[in-house]
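No value in this document is a laboratory result; all are computed from the given coordinates. All values reported here derive from a predicted model rather than from experimental measurement. Here the Cβ is made from the backbone with ideal geometry for all residues, glycine too, and neighbour counts use every protein chain on show.
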Amino acid sequence: MKIPKFADLIIYEDDSVIVVNKPPFISSLDERGDGSSEVSMLRLARNYWDDVQICHRLDKETSGALIFAKTPEAYRSVSMQFEHRKVKKVYHAVIEGTHVFEDLLVDLPILNTGKGTVSISRQDGKRAETWFKSIQYFKHYTLVECRPVTGRMHQIRIHLATQRASIAGDETYKGKAVFLSALKRKYVLGKDQEELPIMKRFALHAFEVTFKAHNDQELTIHAPYPKDFDTLLKLLTKFDS
C-alpha cells in the first residue's frame, strides 16, 4: 500500500485542530505490542506537526473524519466533548438487504470480548446507542446514515448486525463481500482470473463530525467518500437499482 502524505489528507486546519480524511487500512494508533514499522495515523501526523495528539480513533478499515489537536488545550477541550457526548458523528454504511430505517434507535449494551470483537450482553455490556436512517435504496443493499451517541468499539457494526443488516464486507459480524458478478448480468471473468470484491473492506465511512473549536465556534466537517466506497455506490446505482 502506498503511504499517503499527511498534508494531502487534511480537510480542515486552524491554530488548534487538524481534521483529516483517514484512508482505509491505516490504524489510528500504533497497534499494541506491535514493534513493526507499520505506519499509523498518529505517526504520520507527528511528521507533520511535532506534538500533535489524536482525539479519538477509527477502526483500521474505516475511512473518514479523524480529529487531531495541535495544543494541549485543544486536546483537553475535544476529549471532554467526546467524553460528554457533545461531538456529533455521522457515518455512512452500505448494508445488506433493503431496510427502511426512519430514525431507528438501537440501544443494546455492548461487551468487549477482549479478542478484538464485541458482543451484545444485557448483563455485562456497557450502554450503547445508535440512530439509523436509510438514505438510498438498492435492490439488495441500502445506504444508511448512522449516528452513534456513545462510542463503544465496533458499535455501529454490531448494532446493524442485530437488525439483520450487516455492513457489506464485514465478515466479523456476518456481512459478505460484494462482487460485481452478483450485480451485473452476463458478467464474464477472464480465464484463470480470480474475481476480487468491489471493496476489500467493510463499507463504513465517517462522513461528518461536528464539535466546538477553541473559540467556542461550532465546526461541521465533511469527509468525502474514498474511491472504493464511491465506486461501490456507483456500481450499485448502475446495476442494483
Long-range alpha-carbon pairs in region 135-241, meaning those over 16 Å apart, account in percent for 66 percent
Answer in debye to the nearest 20: the dipole magnitude of region 125-231 about its Cα centre, from +1 Lys/Arg and -1 Asp/Glu charges placed on Cβ, is 460 debye
Using alpha carbon positions and the Kirkwood radius, the Rg to Rh ratio of region 47-100 is 1.11
Any aspartates and glutamates whose Cα falls less than 14 Å from that of residue 212, other than same-chain ones fewer than 8 residues away, would be 13, 14, 15, 73, 83
Flagged as over-length at 21 Å C-alpha distance, from 5/227; 60/176; 22/176; 22/89, the pairs are 22/176
Taking only Cα atoms of the chain, the Rg to Rh ratio with Kirkwood Rh works out at 0.98
Farthest towards the positive end of the dipole of region 1-86, among 63, 21, 40 and with Cβ unit charges of +1 on Lys and Arg and -1 on Asp and Glu, lies the Cα of 63
In a Gaussian network model of the chain with springs linking alpha carbons closer than 10 Å, the residue among 229, 202, 25 that fluctuates most is 25
With no solvent term and unit scatterers on the alpha-carbon positions of region 82-196, Debye gives log₁₀ I(q)/I(0) at q = 0.10, 0.20 Å⁻¹ of -0.36, -1.07
Distance in Å, no decimals, from the C-alpha centre of region 40-108 to the one of region 150-208 is 21 Å
Taking Rh as the Kirkwood radius computed over alpha-carbon pairs of region 180-241 and applying Stokes-Einstein at 20 °C with viscosity 1.002 mPa s, one gets a diffusion coefficient in µm² s⁻¹ of 146 µm²/s
With +1 on the Cβ of every Lys and Arg and -1 on the Cβ of every Asp and Glu, the dipole magnitude of region 6-239 about its Cα centre, in debye rounded to the nearest 20, is 920 debye
Among 111, 219, 42, the residue with the largest mean-square fluctuation in a Gaussian network model of the chain built from Cα contacts under 10 Å is 219
Computed, not fitted: 222 nm per-residue ellipticity of the chain from DSSP H runs ≥ 4 (each -39500 (n - 2.57)), nearest 500, equal to -5500 deg cm²/dmol
Candidates 86, 186, 227; GNM for the chain (alpha-carbon contacts under 10 Å) flags as most fluctuating 186
